Amino acid sequence: MDNTSSLETHIFWDRFLKSIEERVNDQSFNTWFKPLGLVELSDERLVISVPQSYHSSWLEEHYMPIIKSAAMKLVDNDINIQFLVNEQVPSPEIDTPPIREINNSVPEILNESSKFFFEEHIINQRFNFDSFVIGNSNQFAHAAAKAVAESPGTTAFNPLVIYGGVGLGKTHILQAIANHCLASAKSNGDPYRLIYVSSEKFTMDFIMSIQNNLTTQYSHYYRSADLLLVDDIQFFNNKERTQEEFFHIFNALHQSGKQIVLTMDRPPSQLKGLADRLINRFQWGLVTDIQPPDFETRMAILKKKAEADGVVIDNRIFSYIAENIKSNIRELEGALIRLLAYSSLRGEDISLEMAGQVLGDTFTKKPSIITIEFVQKTVSEYFSLSPDMIMSNSRRKEVAVARHIAMHLCKRLTDSSLKTIGLHFGGRDHSTVIHSLRTVENKYLNDPVLSKHIETLVDKAKTS
Ligand code: ADP
Ligand code: MG
């Protein structure tokens with residue numbers, strides 16, 4: 001540990017956790033803060049270990065202001081927070097360079113003020129094109145963003161405007177453009193100036209520059225961008241002077257062929273409290289939307305996320321989540337992360353039952369956990385037989401038919417292996433099970449009466 005004795009760091013960590021404990025509820029503290037460890041503390045940075053990479057994303061997204069203020073209170077200094085996934089493996093999210101590191105040609109006039117404007121312009125490396133799942137809902141926005149990222153300023157898409165509801169990937173796609181351009185600039189060794197900013201930050205900077213007589217520096221700073229990305233433009237509403245300032249910056253950049261990319265929560269024409277001339281500018285290039293994802297895209301996003309975290313999860317759990325959360329990808333991911341956290345705290349594998357327990361309260365649909373016993377009961381009741389009969393060796397036609405159908409449903413509705421199914425049907429071996437499954441597939445499903453019975457039974461099992 002640099003700069004500090006181990007006793008001091010010990011005290012620091014203790015107080016740091018206490019101060020967070022006062023500000024979050026018990027459950028959040030136990031889930032998200034208890035498992036953390038102190039790796040390094042210096043004047044400039046605090047490195048914290050986390051058990052899993054999703055843990056750091058969750059902290060970054062939900063608790064960063066609390067973490068930062070707790071640390072800053074103790075060290076009396078602006079401190080850079082980083083997370084390390086346990087085992088000292090650097091997680092991809094950490095070490096995100098603040099913009100100033102790539103601005104290798106900051107004009108003189110900016111130097112004194114840059115410390116104000118550069119602050120917090122941080123781009124999350126997790127938001128890149130590789131981690132973005134493409135579906136019907138976002139393919140145009142994705143294609144346009146990719147084109148702009150590959151040749152900023154030279155396509156007809158200037159500005160590129162992406163609009164859509166909350167949690168649908170606007171910030172992700174905007175930062176993917178930033179990451180892509182930063183990487184190309186770095187590999188070409190270009191002194192590329194990229195500015196990513198939320199419209200709130202843009203506004204705050206402007207107010208601050210007025211207070212401190214830095215308006216000239218402010219305008220120089222933004223006009224010196226090669227690529228300007230502004231997130232959530234709708235927050236410019238009713239801020240006339242900020243809009244005016246932005247209008248001039250926009251014109252200057254556009255005239256000199258610099259790329260501008262903007263996001264907003266609705267189409268430009270429906271923005272409220274924005275000057276018409278600004279709305280008009282937004283429509284000069286390409287306006288494209290992101291819609292809520294369809295079921296398949298939601299499934300693909302969940303799978304990709306789990307894969308990135310290195311966890312294997314049953315498909316039925318993905319579809320349970322995807323069926324219940326339809327219109328916000330952040331919530332979709334949040335549900336998966338809650339489940340991962342719960343399972344790692346408990347040291348238990350994720351099951352459908354666990355999913356129901358952890359997420360059920362917030363979901364309208366409960367998970368249908370179908371077991372072999374449940375199938376046997378449903379089928380025997382339906383055919384007015386006793387469950388024992390179905391498991392017996394009876395060769396009576398109606399019993400054999402019910403038994404074949406029950407096995408077929410077990411294969412279709414549970415994730416049991418053929419061997420397990422056989423064991424539950426009076427210890428039959430797996431070739432007998434295969435024989436039953438073939439009989440159903442080749443004969444029963446082609447028989448209008450029997451196939452109707454089978455579909456009714458499927459519905460019955462799924463809805464009870
Ligand atoms: P918005 O800015 O539109 O409110 P975000 O860009 O913050 O939404 O997205 C919310 C979360 O959903 C982020 O964690 C993001 O990575 C994820 N996400 C959104 N769209 C996709 C996608 N197509 N593929 C993968 N992850 C996505
Ligand atoms: Mg956003």
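A simple spin-label model places pseudo-atoms 7 Å from Cα toward Cβ; at Glu8 and Leu345 they are separated by 3.4 nm. Estimated at 0.36 nm per residue, the fully extended path between Arg412 and Phe295 surpasses their Cα-Cα distance by 40.1 nm.
Mind giving me the FRET efficiency for Thr155 and Asn77? R0 is 30 Å, r the Cβ-Cβ distance, nearest 0.05 is fine. So, using R0 = 30 Å, E works out to roughly 0.10. Highest mean first, the peptides 158-171, 430-443 sorted by other C-beta atoms within 10 Å per residue fall in the order 158-171, 430-443. In angstrom, the C-alpha Rg and Dmax of the chain are 28.7, 94. Round to the nearest 0.05 the FRET efficiency obtained for Glu323 and Ser131 when R0 = 22 Å and r is the Cβ-Cβ distance. Efficiency, from the Cβ-Cβ distance: 0.45. When Ser184, Ser219 are compared by accessible area at a 1.4 angstrom probe, the order from most to least is Ser184, Ser219.
Full extension of the segment from Asn238 to Ala275, taken as 0.36 nm per residue of separation minus the current Cα-Cα distance, would add 12.5 nm. Computed from backbone phi with θ = phi - 60° and the Karplus coefficients 6.51, -1.76 and 1.60, the 3J(HN,Hα) list for the range 135-152 is x, 4, 6, 9, 5, 6, 4, 4, 5, 5, 4, 5, 4, 5, 5, 6, 9, x Hz; x is used for glycine and proline.
If both residues of a DSSP beta bridge must be in the chain, then about 15% of such bridges are antiparallel. For the chain, with all protein chains in place and a probe radius of 1.4 Å, 49% of the accessible heavy-atom surface sits on carbon or sulfur.
Looking at the range 270-307, which chymotrypsin sites (Phe, Trp or Tyr not before Pro) are in a loop (DSSP not H, G, I, E or B) and have at most 16 other Cβ atoms within 10 Å?
When the chymotrypsin sites (Phe, Trp or Tyr not before Pro) of the range 270-307 are filtered for loop state and at most 16 Cβ neighbours within 10 Å, Trp284 remain.
Seen against the Cα atoms of the chain and their longest principal axis, helix 6-21 is set at about 70 degrees. Taking 0.36 nm per residue of sequence separation and removing the Cα-Cα distance, the Ser386/His430 pair yields an extension gain of 13.5 nm.
Rolling a 1.4 Å probe across all protein chains gives Glu240 an accessible area of roughly 130 Å². Protection proxy ranking, highest mean first, for peptides 248-260, 136-148: 136-148, 248-260, where packing is the per-residue count of other beta-carbon atoms within 10 Å, averaged. For the chain, the longest principal axis of the alpha carbon atoms and the long axis of helix 372-382 meet at an angle near 50°. Placing pseudo-labels 7 Å out from each Cα toward the beta carbon at Lys443 and Glu331 gives an inter-label distance of 4.9 nm. Take the Cα of Ile369, go 7 Å toward its beta carbon, and the backbone nitrogen atoms of the range 375-416 under 16 Å from that spot belong to 375, 414-416. Relative to the longest principal axis of the Cα atoms of the chain, the long axis of helix 397-413 makes an angle of roughly 10 degrees. Per residue, the chain exposes 50 Å² of solvent-accessible protein surface, assessed with a 1.4 angstrom probe and all protein chains in place. The Cα center of the range 56-87 and the Cα center of the range 281-330 differ in position by 28 Å.
Surface listing: Thr31, Thr456 arranged by accessible area from highest to lowest gives Thr456, Thr31, probe 1.4 Å. With q set to 0.14, 0.21, 0.24 Å⁻¹, the log10 of I(q)/I(0) for the range 357-464, from the Debye formula over equal scatterers at the Cα positions, is -0.53, -1.10, -1.41. What the Cβ-Cβ distance of Arg15 and Met204 gives, at R0 = 35 Å and to the nearest 0.05, is a FRET efficiency of 0.75. Take the Cα of Ser69, go 7 Å toward its beta carbon, and the backbone nitrogen atoms of the range 16-37 under 17 Å from that spot belong to 16-25, 29. Of the trypsin sites (Lys or Arg not before Pro) found in the range 343-408, the ones in coil according to DSSP and having at most 15 other Cβ atoms within 10 Å of their Cβ are Lys365, Arg395, Arg396.
The values are calculated or read from the model by the stated rules, or taken from the named source; none is laboratory data. For clarity, every value in this text was computed on a predicted model and none was experimentally measured. A quick note on method: Cβ atoms are made from the backbone with ideal geometry, for glycine too, and the neighbour counts reach across all protein chains shown. The accessibility values were calculated without ligands, DNA or RNA, using every heavy atom of the protein model including side chains. Shrake-Rupley method; radii C 1.70, N 1.55, O 1.52, S 1.80 Å.
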